[in-house]
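Contents: one structure, followed by commentary.
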């Protein structure tokens, strides 16, 4: 049948028109689900997408998503025996560029522009395509995030430079460890160890703040976004996925803190007492603005954001920062709530305008709001035996994370993006 004949064919149920079997639909759904999970899509959004695709094809899907795997069962009145598929998700990470491309493939299937067989071919080709940014772009972005974090955490020029150096050292050790499967599980531990060694050297030889340098160096490993996403999934009753992400965040924090504690302990054994942090001299508002723009652009590179939306990353970061500054006299959790609400309203508005996933425009701004540093400091207090201070910071971390989640959910209620992704 030619393309013109297909267009003139009488409309009917999607399954009748496309003549897809339950097996074909199940195979496609498990590929879409596993791909979205690998690119950082929250489980509740992923499951909604899979259900919508199945309905378009005349089937009913029962998806079950976790950070490390995806399961789906497909059935219909004509095919009462469910077809079940599962896929293991191993390589996880946020890739906004590929997420946008998966969304485009999904839209083409829903609009009947392409068949599912073509969509599966495009998904396979997508996996083989480069991310869109060269390796040196990533290294530069990591150094930029470390330096900007040193500014955001109240450091001066010394802390900013040391933070960039610490970030580069942590990334270098992470790449070396990732070459072996057993080493990849120790990235957080060695990241904390390396960052603490750089911070100790900075404090001893350049009179910089070791606490600021440590935070700036490991900021890329601190699981603030994992924690926030986990709480969001729990709020949406994706209990298994949410609990798994929360435990992942806790273990990551423990490994980071133990790596830092080991560095401090080694220093004590060789007779080098930890240097006392000097009084911090924060940089002025102009440097804060430069750090904001630079870090937003760097997060766009690290998340492989499509180049045509690069400006949106900086606008998203500026939105969160502006709202935070307006509410800087409020308690931290209220400021976080207002900032998350502002960023997500902005992201949903752009999603409506561009017809692209809201997550593309939301994530760069949210990265400047996540509460991982509070949890990191809280675990450090617990390790030093200061239970009261540790409990206080940990509770503040959870309160801020909850405020961010409520802000996101409220934004989706007030101004929904009208897209599943």
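The values are calculated or read from the model by the stated rules, or taken from the named source; none is laboratory data. Bear in mind the structure is a predicted one, so any value in this text is a computation, not a measurement. For neighbour counting, all protein chains shown are included, and Cβ atoms are generated from backbone atoms with ideal geometry for every residue, glycine included.
Among the residues of the range 90-100, is there at least one that is surrounded by fewer than 15 Cβ atoms within 10 Å (Cβ to Cβ) and closer than 22 Å to residue 22 by Cα? Lay out the reasoning, then the answer.
Quick first cut of the range 90-100, residues surrounded by fewer than 15 Cβ atoms within 10 Å (Cβ to Cβ) only: 90-93.
Now narrow it down to the ones that are closer than 22 Å to residue 22 by Cα: none.
Checked against the condition, which is being surrounded by fewer than 15 Cβ atoms within 10 Å (Cβ to Cβ) and closer than 22 Å to residue 22 by Cα, the range 90-100 yields no hits at all.
Residues in the range 33-75 that are assigned to a helix (DSSP H, G or I), more than 22 Å from the chain's Cα centre (by Cα) and either modelled with pLDDT of 90 or more or closer than 16 Å to residue 21 by Cα (or both): how many?
Going residue by residue through the range 33-75, those that are assigned to a helix (DSSP H, G or I) are 33-38, 43-56.
Narrowing the set further to residues that are more than 22 Å from the chain's Cα centre (by Cα) leaves 51-56.
Those left that are additionally either modelled with pLDDT of 90 or more or closer than 16 Å to residue 21 by Cα (or both): 51, 53-56.
Result for the range 33-75: 5.
Total residues in the range 111-131 satisfying the condition of being modelled with pLDDT under 80 and either surrounded by 16 or more Cβ atoms within 10 Å (Cβ to Cβ) or under 18 Å from the mean Cα position of the chain (by Cα) (or both): the figure is 1. Taking the range 174-225 as the range and being in a helix (DSSP H, G or I), touching a residue at least 60 places away in the same chain (Cβ under 8 Å) and under 22 Å from the mean Cα position of the chain (by Cα) as the test, the residues that pass are 188, 189, 190, 191, 192, 195, 215, 216, 217, 218, 224, 225. Residues that are modelled with pLDDT under 80 and assigned by TED's automatic domain parsing to the domain that holds residue 225 do occur in the range 282-295, at least one of them. From the list 9, 16, 81, the one residue that fits, being in contact with a helix residue (DSSP H, G or I) (Cβ under 8 Å, 6 or more places away or on another chain), farther than 27 Å from residue 242 by Cα, modelled with pLDDT under 85 and surrounded by fewer than 14 Cβ atoms within 10 Å (Cβ to Cβ), is 9.
The lone criterion from (1) in a helix (DSSP H, G or I); (2) surrounded by fewer than 19 Cβ atoms within 10 Å (Cβ to Cβ); (3) touching a helix residue (DSSP H, G or I) at 6+ places or on another chain (Cβ under 9 Å) left unmet by residue 323 is number (2).
If a residue must be crowded, with 18+ Cβ neighbours inside 10 Å, touching a strand residue (DSSP E or B) at 6+ places or on another chain (Cβ under 7 Å) and farther than 17 Å from residue 239 by Cα, how many such residues does the range 52-71 contain? The qualifying residues number 4.
Against the conditions (1) in a helix (DSSP H, G or I); (2) surrounded by fewer than 19 Cβ atoms within 10 Å (Cβ to Cβ), residue 317 satisfies every one except (2).
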